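Report on one structure; see the data block that follows.
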Amino acid sequence: MAVFAYGSASGSPGVTTTVLALGFEWPRPVVVVEADPVAGSAILAGFFRGVVEPTGGLVELMVAQRQDHLAERLPSVLLPIPDSQVKVLPGIQTRAQGAGLESVWSPLLSALRALEDTGTDVLIDAGRLPWAGPLNPLVLGADVVLLATGSSLPAVAPARALAADLADQRPSGAGLLVIGPDRPYSTSEVSKGLGLPAVGRVEWDPRAAAVYSRGEPPARRAERSAFLRSIRATGEAVRDFADAARRPNPHALSIGGVR
Ligand SMILES: Nc1ncnc2c1ncn2[C@@H]1O[C@H](COP(=O)(O)OP(=O)(O)O)[C@@H](O)[C@H]1O
Ligand SMILES: [Mg+2]
């Protein structure tokens with residue numbers, strides 16, 4: 001049971017699509033948190049095609065936080081996706097709402113960790129990670145942070161500075177998710193270029209991706225597609241990565257012992 005944060009450096013490499021797809025293939029119930037600072041819920045407009053009645057989501061939690069009721073209110077603002085174990089916490093809808101978010105992240109992380117006790121994992125869609133200034137506390141406090149990137153030079157080059165900063169801020173538990181590997185750089189080339197371990201790789205498949213990003217019906221035999229196989233393998237790798245990141249570092253312990 002853990003908190004997994006996903007974000008990007010630039011462009012739109014496919015964070016939201018990947019997070020939702022991972023959620024559907026996750027072996028336990030998950031809460032997907034829309035923590036993208038860009039206003040307008042990508043999941044409500046995309047996967048849900050704008051036809052579901054939104055919950056108050058993060059905005060309602062901002063209000064609840066002012067009355068110290070965030071944890072109690074959390075379950076009621078989660079939007080369940082029918083026939084799945086996925087619930088979505090919808091993000092902000094207007095730019096103005098972004099201003100009030102700062103006060104929500106830390107209490108939200110505590111409330112989400114309390115959900116873990118019920119056997120639920122948390123997948124955070126952090127959207128574009130900030131270039132300057134501190135990372136969102138929800139991202140910094142997650143068990144692992146995965147930087148999603150494409151594999152072209154225009155995708156990888158802008159991610160370099162952020163990857164170095166992430167490695168600094170998170171000596172353990174920071175890794176890469178290569179979306180569309182081998183277009184043209186291989187996963188290991190991207191990893192070498194960015195100095196972070198490649199934890200997952202997601203196949204490039206616009207038709208399969210549209211199921212999550214636009215609510216399109218899945219193709220026949222989608223279950224066995226290379227895309228979904230890559231999502232399942234990535235899910236497993238990311239969970240293993242989180243387990244390793246959460247285990248105490250034996251090297252650090254022995255150094256402590258010598259002292
Ligand atoms: N693995 C993939 N293969 C092909 N297209 C993808 C893939 N992942 C995402 N996409 C497409 O890329 C676009 C942006 O995806 P999205 O998940 O919204 O990106 P982000 O959240 O990083 O902005 C969408 O049209 C989506 O369908
Ligand atoms: Mg997104």
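Throughout, read-outs are computed from the coordinates displayed, never taken from laboratory work. What you see is a predicted model, and the numbers here were worked out from it, not measured in a lab. Glycine also receives a Cβ, built like all others from the backbone with ideal geometry; neighbour counts cover every protein chain displayed.
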Item to complete: Quick one: which residues, 5 or more positions from Val144 or on another chain, have an amide H under 5 Å from its amide H? H modelled 1.01 Å from N in the peptide plane, none for Pro or chain starts.
Response: Val3, Ala5
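So what's the back-of-envelope 222 nm ellipticity for the chain, counting only DSSP H runs of four-plus at -39500 (n - 2.57) apiece and dividing by all residues, rounded to 500? It would help to have the intermediate numbers written out before the result.
On the way: 13 runs with 112 residues, N = 259.
After summing the helix terms and dividing by the residues of the chain, the value is -12000 deg cm²/dmol.
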Worksheet item: Around Ala198, which amide H atoms from residues at least 5 apart in sequence, or from another chain, sit under 5 Å from its own amide H, with H modelled in the peptide plane?
Response: Leu176
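Give, as a single signed number, the net charge of other residues whose beta carbon lies under 11 Å from the beta carbon of Val199, with Lys and Arg counted +1 and Asp and Glu -1.
Working: positive: Arg201, Arg239; negative: Glu236, Asp240.
Net of charged neighbours comes to 0.
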Practice prompt. Rounded to the nearest Å, what's the spacing between the alpha carbon centres of segment 96-119 and segment 217-250? Just the number, please.
Written response: 25 Å
Practice prompt. Report, largest value first, the span of the C-alpha coordinates of segment 114-191 along each principal axis, in whole Å.
Written response: 42, 28, 21
Worksheet, complete the sentence: For Val32, the residues 5 or more places away or on another chain with a placed amide H closer than 5 Å to its own amide H are Lys87, Val88, Leu89, Leu123
Worksheet item: Hey, what do the phi angles of segment 66-81 turn into as Karplus ³J(HN,Hα) couplings, whole Hz, using 6.51/-1.76/1.60 and θ = phi - 60°, x for Gly and Pro?
Response: 5, 9, 6, 10, 4, 4, 5, 7, 3, x, 6, 9, 8, 9, x, 8
Practice prompt. Enumerate the calculated ³J(HN,Hα) couplings along segment 31-45 in order (Karplus 6.51 cos²θ - 1.76 cosθ + 1.60, θ = phi - 60°), each rounded to whole Hz, writing x wherever the residue is Gly or Pro.
Written response: 10, 9, 9, 7, 10, 5, x, 6, 6, x, 5, 5, 7, 5, 7
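Please give me the summed charge of the neighbours of Ala209: other residues whose Cβ is under 10 Å from its Cβ, Lys and Arg +1, Asp and Glu -1.
Working: positive: Arg207, Arg214; negative: Glu203, Asp205, Glu216.
In short, -1.
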Item to complete: Would you kindly derive the ³J(HN,Hα) couplings of segment 101-107 from the backbone phi angles with the Karplus curve 6.51 cos²θ - 1.76 cosθ + 1.60 (θ = phi - 60°), listing them in order in whole Hz, with x for Gly and Pro?
Response: 6, 3, 6, 8, 4, 5, x
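Take the Cα pairs of the chain, get the Kirkwood Rh, then feed it into Stokes-Einstein at 10 °C and 1.306 mPa s and tell me D in µm²/s. The partial results should precede the final answer.
On the way: Rh = 18.7 Å.
This corresponds to a translational diffusion coefficient of 85 µm²/s.
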